[in-house]
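Take a look at the structure below.
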Amino acid sequence: MKSNMSMSCLCNIESSPMLYFEGYNFIQNRCKRYGTNIFSTRLLGQKVICISGKEAAKVFYNENLFYRKGATPKFVQKTLFGQYGVQGMDGMPHKLRKNMFMSIMSMENLKKLDKITKKEWKRYIRTWERKEKVVLSEEAAEIMCKIACEWAGIPLPKSQVKQRAKDLSQLVDAFGSLGIRHVQGRCARLKTEKWIQDIIDRIRTYHIVPPKGSAADIIVRHKNTKGELLSTQIAAVELINIIRPIVAIKTYITFEALAMDQNPLCKAKLKNDDEYVEMFVQEVRRFYPFAPFVGAKVKKRFMWKDCVFPKDTLVLLDIYGINHDPSIWHQPYKFNPEHFRDWDNNPYTFIPQGGGEANNGHRCAGEMVTIHVMKESLRYLNNISYRVPPQDLRYSLRRMPTLPRSGFIIKKVRIKNT
């Protein structure tokens, strides 16, 4: 942006309808139109500054310039994240809560996660051989729900798996909608919090004893900066913040299958090549749409790239645009795992689940969980034979979040070898 004047002129435009119609491309469309990686607009009547690019990501994750408290709209808190969770915290309270999450991501726990993931995939794939057809996105949601609850130390009766998986999926699906999906997400949030609050109470009264070091065990015992245990409600929100993102991995698993189907040469390289499996998983996370953007508020007035960022202004960082930035990625709209052959692990150029450092910053604490589960899931998907019948495999960039319209249907599933 060349001047603050042009930026001020743009901020009078109410863009909420265009965000609805353009979805993931909303920020990039305007960056291209205005010839800049910074512009301001209005969303739901609020002034917003949108930024994109690796330099923007580095600025955005500077805790001296931005804070998160109050940055997430209430309609998102009441569906996706819950209220008073780690995503909306700053300073020492955030660091303490983030350390709690990072302690759950120990190597020992990740090995347990791998073991549980293998067990559930093996169990479900055996049932697929008896089915006429399998809708992968639906089955993956159930698998992820079972994995998440067992790993987190949450009892989950078999009779409840379908409903819990549906509710947790609706929390994610409500993110980009103010209509029926939002209403469903609000209802799902109420049911899920009630369920997990009951689990928390039963753990604290010793009616349930979760495995030592599990998410339920750690979160129930966690104390805040005042040395007090988390309230039942907040503990439930944070425990849901463990299991909900794992269920959301169903999206990436569905896109893994789509990527293998549409890129058979890549699929052939996955067998017995752990390095290529890692690259393939990362490319799925880069290429396919997941989170569109992330928000924070300006802590103190500052100037960057000749633009003024007023105090308390909401700023949106373009996640989808950075993962498809041609100045970072060669042919960004082409699926190519080789993008990660020489990637330098820069935390500001690849941000599918947020950027910056995971240990001390606001990058998603569960990113390693996502990668582990995706890698194990990919190995199982690549170890079965199946037919992909004619179906609508398109996915809309207008819909946030999105999936192939058919959910990726497969038939005649057979295990290649055990």
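Return yes when ASP312 is more than 23 Å from the chain's Cα centre (by Cα), surrounded by 13 or more Cβ atoms within 10 Å (Cβ to Cβ) and free of Cβ contacts under 8 Å to residues at least 60 places away in the same chain and no when it is not. Spelling it out, ASP312 is indeed more than 23 Å from the chain's Cα centre (by Cα), surrounded by 13 or more Cβ atoms within 10 Å (Cβ to Cβ) and free of Cβ contacts under 8 Å to residues at least 60 places away in the same chain.
On inspection, ARG164 fails the criterion of being outside any loop (DSSP other than H, G, I, E, B) and at pLDDT below 95.
Rundown of residues vs (1) touching a residue at least 24 places away in the same chain (Cβ under 8 Å); (2) in a helix (DSSP H, G or I), yes/no style:
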{"site": "ILE199", "(1), (2)": "yes, yes"}
{"site": "LYS212", "(1), (2)": "no, no"}
{"site": "ILE219", "(1), (2)": "yes, yes"}
{"site": "VAL247", "(1), (2)": "yes, yes"}
{"site": "THR251", "(1), (2)": "yes, yes"}
{"site": "LYS271", "(1), (2)": "yes, no"}
{"site": "GLU275", "(1), (2)": "no, yes"}
{"site": "VAL284", "(1), (2)": "yes, yes"}
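The rows are residues; the columns are (1) at positive phi; (2) at pLDDT below 95; (3) of a type in the set (A, V, I, L, M, F, W, C).
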{"position": "TYR276", "(1), (2), (3)": "no, no, no"}
{"position": "GLN282", "(1), (2), (3)": "no, no, no"}
{"position": "TYR288", "(1), (2), (3)": "no, no, no"}
{"position": "ALA296", "(1), (2), (3)": "no, yes, yes"}
{"position": "TYR333", "(1), (2), (3)": "no, no, no"}
{"position": "ASN336", "(1), (2), (3)": "no, no, no"}
{"position": "ASP344", "(1), (2), (3)": "no, yes, no"}
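Of the residues making up segment 273-294, not a single one is open to solvent by 40 Å² or more (accessible area, probe 1.4 Å), among the charged types (D, E, K, R) and touching an Asp or Glu at 6+ places or on another chain (Cβ under 9 Å). Out of segment 341-358, which residues are open to solvent by less than 20 Å² (accessible area, probe 1.4 Å), under 22 Å from TYR276 (Cβ atoms) and either of a type outside the set (Ser, Thr, Tyr) or not in a loop (DSSP other than H, G, I, E, B) (or both)? Once the filter is applied, which keeps residues that are open to solvent by less than 20 Å² (accessible area, probe 1.4 Å), under 22 Å from TYR276 (Cβ atoms) and either of a type outside the set (Ser, Thr, Tyr) or not in a loop (DSSP other than H, G, I, E, B) (or both), segment 341-358 yields PHE350, PRO352. Considering only residues of segment 1-38 that are open to solvent by 80 Å² or more (accessible area, probe 1.4 Å), of a type in the set (D, E, K, R) and at pLDDT 90 or above, which is farthest from VAL294 (Cα to Cα)? Of everything passing the filter in segment 1-38, ARG33 is farthest from VAL294 (Cα to Cα).
I need the full set of residues from segment 59-74 which are closer than 14 Å to ILE38 by Cα and open to solvent by 20 Å² or more (accessible area, probe 1.4 Å), in order please. Spell out the reasoning first.
Here is the first cut: in segment 59-74, the residues closer than 14 Å to ILE38 by Cα are 59-60.
Selection gives VAL59 alone.
Could you tell me whether any residue of segment 128-136 is farther than 30 Å from PRO390 by Cα and not β-branched (Val, Ile, Thr)? So far as segment 128-136 goes, no, none of its residues is farther than 30 Å from PRO390 by Cα and not β-branched (Val, Ile, Thr).
The values are calculated or read from the model by the stated rules, or taken from the named source; none is laboratory data. Fair warning: this is a prediction, and the values are worked out from it, not measured in the lab. Counting neighbours? That spans all protein chains shown, and the Cβs are built from the backbone with ideal geometry, glycine included. The area values use the complete protein model at the heavy-atom level, side chains included, leaving out ligands, DNA and RNA. Shrake-Rupley method; radii C 1.70, N 1.55, O 1.52, S 1.80 Å.
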